[in-house]
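The values are calculated or read from the model by the stated rules, or taken from the named source; none is laboratory data. Bear in mind that the values here come from a model prediction, so they are computed numbers and not experimental data. We place every Cβ from the backbone using ideal geometry, glycine too, and count neighbours over all the protein chains shown.
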Amino acid sequence: MSELRSWNDTETTEAIVAFAEGAAQTVPPEERIAVFDNDGTLWCEKLRRLEAHGFTCFIASDGSRDFMRTVTGEVYGIPPERVVGSSFGLEYVDDEHGGSLAYLAQPDVFVHDDPAREFDYVKGAETALDRARREGWTVVSVKDVWATAFA
């Protein structure tokens with residue numbers, strides 16, 4: 001059984017566990033920093049796993065900075081000073097790629113592809129997924145990797 005209880009035993013899951021364990025042995029504690037998007041409870045186990053290996057975790061979200069900083073402590077255990085959010089001074093601009101964003105950490109590309117339990121919004125992420133495959137990044141599929149979503 002995976003050390004990440006709500007995740008299925010997959011190569012992706014094992015890569016994340018191996019990354020955290022390897023970094024704990026080779027990366028100085030002051031350099032162990034992980035940044036996540038606000039993707040709900042799916043990342044909580046990964047956050048705890050990295051923290052257990054000496055990582056300082058941050059959250060970056062396009063959600064309102066003032067709102068995010070009030071809820072991340074209770075929801076994720078991340079204090080407000082480690083949360084970056086949007087403010088009224090920022091604006092989303094659509095571009096020739098459809099304005100899609102790739103959420104990267106480690107580097108990972110997180111794929112929302114499970115319409116039965118969450119959302120399926122892979123359309124628009126093709127460029128990020130192609131690059132991830134070319135560069136050997138870990139592609140994290142909600143459908144394939146998590147045994148439980150939003151437990």
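A few remarks follow.
- The condition (being surrounded by 12 or more Cβ atoms within 10 Å (Cβ to Cβ) and modelled with pLDDT under 80) is satisfied by just one residue among 102, 151, 52, 60: 102.
- Answer from 83, 145 - the residue that is buried (at least 18 other Cβ atoms within 10 Å of the Cβ) and either in contact with a Cys (Cβ under 8 Å, 6 or more places away or on another chain) or at pLDDT 85 or above (or both): 83
- Condition check for residue 45: at pLDDT below 85, assigned to a helix (DSSP H, G or I) and under 25 Å from residue 125 (Cα atoms): yes
- Residues of the range 109-141 classified as assigned to a loop (DSSP other than H, G, I, E, B), farther than 16 Å from residue 13 by Cβ and among the hydrophobic types (A, V, I, L, M, F, W, C), total: 4
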